[in-house]
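Below: the structure, in structure tokens.
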Amino acid sequence: MAQINYYDPALRRAEKERQRESDEEGLRSGRVSPEELNRRNGFFASLEIIESQVICQEEFF
């Protein structure tokens with residue numbers, strides 16, 4: 001039988017806080033650079049970008 005998961009804001013908040021603490025410790029210890037941390041936590045971090053191209057056929061002024 002399929003398991004039903006529920007979103008718990010309190011658990012998510014605690015998870016995010018643990019991740020922030022881990023990120024801060026990584027920066028303090030030098031295990032991770034600010035650039036690497038930004039790359040990992042950035043808006044598009046979860047997307048796998050294989051190849052992309054931007055084509056503009058019209059100009060907007």
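Derivation of every value follows stated rules applied to the coordinates shown; laboratory data play no part. This is a predicted model, so every value here is computed, not measured. Positions of Cβ are generated from backbone atoms using ideal geometry, with glycine treated the same way; all protein chains shown enter the neighbour counts.
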Seminar exercise, completed: Per the rule of 0.36 nm per residue minus the C-alpha distance, extending GLN19 to CYS56 adds in nm 9.4 nm
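How would you rank 7-19, 23-35, highest first, on the average number of other Cβ atoms within 10 Å across their residues? Show your work: numbers first, answer last.
Numbers: 7-19: 9.5, 23-35: 11.1.
Output ranking for 7-19, 23-35: 23-35, 7-19.
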